[in-house]
Amino acid sequence: MSLMSWGMYPKIKSSVFSYDNEKVLKQIIEEHDELIPYGNGRSYGDSALGANIVNVKPHDYFIDFNEKSGLLHVQAGVLLSEILESFVPRGWFLKVTPGTKFITVGGAIASDVHGKNHHVEGCFSECVKEFTIMTTDGEVVTCSKEAPPELFRATCGGMGLTGVILDAKIYLKKINSKYIDQTTIKTNNLKETFAAFEEYKALPYSVAWIDCLAKSDEIGKCLLMAGDFKDDGKLDYKKKGKLSIPFNFPSFALNNWSVRAFNWLYYGKVKERVSKQKVDIDTFFYPLDAIGHWNRIYGKNGFTQYQFILPKYASYQGLEEILKAISDSGKGSFLAVLKLYGKANENYLSFPIEGYSLALDFKIEKGLFELLDRLDEIVVQYKGRIYLTKDVRVSKETFEKGYPQIEIFRQYRKENKMDTKFQSLQSKRVGI
Amino acid sequence: MSYVLIIGAKSDIAKATAREYAKHGYDLYLAARNVSELEEFVNDITVRTQRTVKPVELDILNYESHQSFYDQLGEKPLGVISAIGYLGDQDKAQSDFSEAKLIMDSNYTGVVSLFNIIADDFEKRRSGFIVGISSVAGDRGRKSNYIYGSAKAALTAYLSGLRNRLYDSRVHVMTVKPGFVATKMTEGMELPKKLTAQPEEVAEDIYKAQQKNKNVLYTKWMWHWVMLIIKAIPEWKFKGISI
């Protein structure tokens with residue numbers, strides 16, 4: 001079967017394995033090597049692509065919910081969007097959610113995703129009480145932070161390389177509105193942007209959109225959006241109808257000039273330095289989900305997202321250098337998202353560390369990978385790291401330098417015979 | 001709110017439809033053979049929606065049991081949706097009549113037996129809706145699946161007649177004609193992506209169309225146009241092509 005991820009690059013042929021029950025899954029695992037679980041195909045690069053795909057998405061049963069503790073038990077193929085549809089009207093929200101709700105719970109654990117509240121709540125694994133996973137020998141293990149801790153640390157952020165997650169118990173958080181009080185702060189340069197992040201740190205949700213084509217003393221100008229849930233009791237959350245991009249745009253549609261025009265309009269529509277809005281959950285957390293197949297605007301060659309993080313002490317200098325390199329290259333990124341993160345957790349490969357992360361979308365075109373290699377050098381120089389969930393091209397050397405616990409992860413996989421059993425194109429490339 | 005009865009509840013389309021109706025506040029009777037296999041699914045809907053979901057045993061091929069099946073439902077359903085579909089093996093059905101008969105009985109005879117009983121009740125109380133999932137395969141016979149197609153064609157004609165009969169009693173009958181749907185029934189077939197619906201899309205279409213009292217629903221919508229073209233091909237031409 002022909003498969004791809006959200007970046008539409010690469011497109012590969014894989015064998016897809018489905019299972020009705022644990023017995024069948026055990027047999028698949030026993031009989032095949034180079035397996036990799038595949039959820040909803042929303043990681044950007046090649047982390048869920050490989051020779052043999054295990055199709056987890058059909059396993060989408062809700063199992064139990066505890067109204068008192070907010071503990072929700074679901075199978076790994078359940079989408080975050082399904083959780084929201086059922087539970088926002090009852091006054092519950094995800095403790096941690098990434099910028100799309102169309103990912104599976106299994107995928108959220110495997111990528112140890114994070115969101116606008118990382119500086120307060122940390123990664124997705126923070127809300128995971130426990131999960132069950134079928135590992136190399138077909139054994140089903142119930143795993144929590146406490147026991148066995150190595151499996152938990154290797155699986156959360158482990159990109160599906162420790163086995164197939166079957167189900168998970170996750171804590172939801174109580175809310176009393178589907179609306180968010182949003183404050184938008186307009187800044188003129190990177191210095192102001194950093195100051196704004198610090199100033200609004202007390203608000204649980206924050207993220208900034210950066211104009212990465214800005215030049216010289218305007219480099220780093222942004223719109224910072226920060227907010228928290230309202231308390232008005234309005235919870236009538238419904239699935240919205242959505243627009244959809246019906247076909248791949250021609251690849252020239254997004255170019256330096258169209259991105260420049262977009263940025264100018266987007267930045268220009270905000271007049272005051274500080275303004276307030278009332279927005280709903282979907283607008284605030286999932287703006288891009290409103291447009292189906294938005295990946296098609298990058299054309300049929302696909303796109304990639306380059307996301308890195310730099311330690312806080314080096315963030316200013318590093319970002320300035322990187323933004324300058326991008327601006328000089330003239331390669332527009334439609335979407336450039338900056339965020340201040342909280343402390344790192346103990347998981348071996350979880351992406352977040354305390355510092356600033358920037359995510360940039362680029363369409364795949366000539367000269368792009370050379371630019372990204374150049375950015376890699378700066379990231380490494382400032383002791384930063386690359387996010388595997390978005391990645392499709394980082395080299396083994398660059399990757400290794402960013403993740404000091406990489407050898408523990410490798411060793412753990414080897415000891416438990418996971419290294420040949422579970423592999424993706426990405427794991428082979430970066431040698432994990 | 002009242003119950004909707006879903007027949008053939010183990011199919012992927014039925015499951016998606018069940019979730020859709022529960023989401024909109026309906027309680028459910030889920031009818032299927034070996035219904036205990038639906039236990040986890042019943043629990044799934046309950047956790048998702050807090051609706052009441054009751055599994056009920058039903059063998060669509062055991063016609064004698066249909067009256068007692070319907071009688072045992074304490075509170076009679078507001079509407080019924082049949083998602084029974086058995087594609088069968090066309091090649092086998094050509095040479096082995098028992099397979100052909102199984103395809104016809106599952107897709108047509110059994111549904112007629114049960115719908116007759118339900119239609120009488122709805123007609124008497126002058127309310128309710130009946131949704132039958134037929135297929136675009138019933139719009140024109142093709143060599144690859146004409147036994148299945150003929151059974152669905154019969155069902156389509158039956159539903160059309162029933163709609164006509166129940167019009168005065170204000171009971172609405174809707175015929176659903178899905179094109180390709182990504183389900184267990186079509187697993188392994190290479191289906192054209194643009195024309196293939198996910199079960200959830202079909203379920204959403206069914207719910208919306210039923211609420212609007214639509215008569216015939218093609219899903220995805222473009223199948224309406226695809227089938228108009230296929231039906232318009234003259235027979236002398238059609239008999240020579242492979243589609």
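The values are calculated or read from the model by the stated rules, or taken from the named source; none is laboratory data. Predicted model, so just to flag it, every value in this text is computed and none were measured. For neighbour counting, all protein chains shown are included, and Cβ atoms are generated from backbone atoms with ideal geometry for every residue, glycine included. Surface areas here come from the heavy atoms of the whole protein model, side chains and all, with no ligands, DNA or RNA. Shrake-Rupley method; radii C 1.70, N 1.55, O 1.52, S 1.80 Å.
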Counting only residues that are buried (at least 20 other Cβ atoms within 10 Å of the Cβ) and assigned to a helix (DSSP H, G or I), how many does the stretch A:296-321 have?
4
Would you say A:Asp137 is among the charged types (D, E, K, R), open to solvent by 20 Å² or more (accessible area, probe 1.4 Å) and either touching a Pro at 6+ places or on another chain (Cβ under 9 Å) or within 23 Å of A:Ile28 (Cα to Cα) (or both)?
yes
Which of (1) of a type outside the set (A, V, I, L, M); (2) surrounded by 18 or more Cβ atoms within 10 Å (Cβ to Cβ); (3) more than 26 Å from A:Gln277 (Cβ to Cβ) is the odd one out, the single condition A:Tyr171 does not satisfy?
(2)
Answer with yes or no whether A:Gly70 is in the same structural domain as A:Ile133 (by TED's automatic domain parsing), modelled with pLDDT of 95 or more and crowded, with 16+ Cβ neighbours inside 10 Å.
yes
(1) on the phi > 0 side of the Ramachandran plot; (2) open to solvent by less than 10 Å² (accessible area, probe 1.4 Å): which one isn't true of B:Ile7, the others all being true?
(1)
Of the residues A:Gly122, A:Gly163, which is under 23 Å from A:Ala344 (Cβ atoms) and open to solvent by less than 20 Å² (accessible area, probe 1.4 Å)?
A:Gly122
Is it the case, given these coordinates, that A:Ala147 is in a helix (DSSP H, G or I) and either more than 11 Å from the chain's Cα centre (by Cα) or within 25 Å of A:Leu49 (Cα to Cα) (or both)?
no
Being touching a Phe, Trp or Tyr at 6+ places or on another chain (Cβ under 8 Å), more than 22 Å from B:Gln210 (Cα to Cα) and among the aliphatic types (A, V, I, L, M) narrows B:Leu28, B:Leu58, B:Leu38 down to just B:Leu58
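Residues checked against (1) among the β-branched types (Val, Ile, Thr); (2) touching a Ser or Thr at 6+ places or on another chain (Cβ under 8 Å); (3) modelled with pLDDT under 95:
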site	(1), (2), (3)
B:Leu28	no, yes, no
B:Arg51	no, no, no
B:Ile60	yes, yes, no
B:Ser68	no, no, no
B:Val80	yes, no, no
B:Ser106	no, no, no
B:Asn116	no, no, no
B:Arg125	no, no, no
Which pairs do you get when a residue that is more than 15 Å from B:Ser150 (Cβ to Cβ), found in the stretch B:98-122, comes within reach of a residue that is aromatic (Phe, Trp, Tyr), reach meaning Cβ atoms under 6 angstrom, with the pair 6+ apart or on two chains?
B:Ser113/B:Tyr63; B:Ile117/B:Tyr70
Residue among B:Tyr218, B:Tyr207, B:Tyr167 that is modelled with pLDDT of 90 or more, part of a helix (DSSP H, G or I) and open to solvent by less than 70 Å² (accessible area, probe 1.4 Å):
B:Tyr207
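Quick grid of which residues meet (1) in the same structural domain as A:Ser329 (by TED's automatic domain parsing); (2) in contact with a helix residue (DSSP H, G or I) (Cβ under 6 Å, 6 or more places away or on another chain); (3) in a helix (DSSP H, G or I):
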| position | (1), (2), (3) |
| --- | --- |
| A:Leu360 | yes, no, no |
| A:Glu365 | yes, no, no |
| A:Leu372 | yes, no, yes |
| A:Val380 | yes, yes, yes |
| A:Thr389 | yes, no, yes |
| A:Val394 | yes, no, no |
| A:Gln426 | no, no, yes |
List the number of the failed condition for A:Lys278; all other conditions in (1) at pLDDT 80 or above; (2) over 22 Å from A:Met4 (Cβ atoms); (3) surrounded by 17 or more Cβ atoms within 10 Å (Cβ to Cβ) hold.
(3)
Restricting attention to the stretch B:193-204, the residues that are open to solvent by 60 Å² or more (accessible area, probe 1.4 Å) and not basic (Lys, Arg) number exactly 3
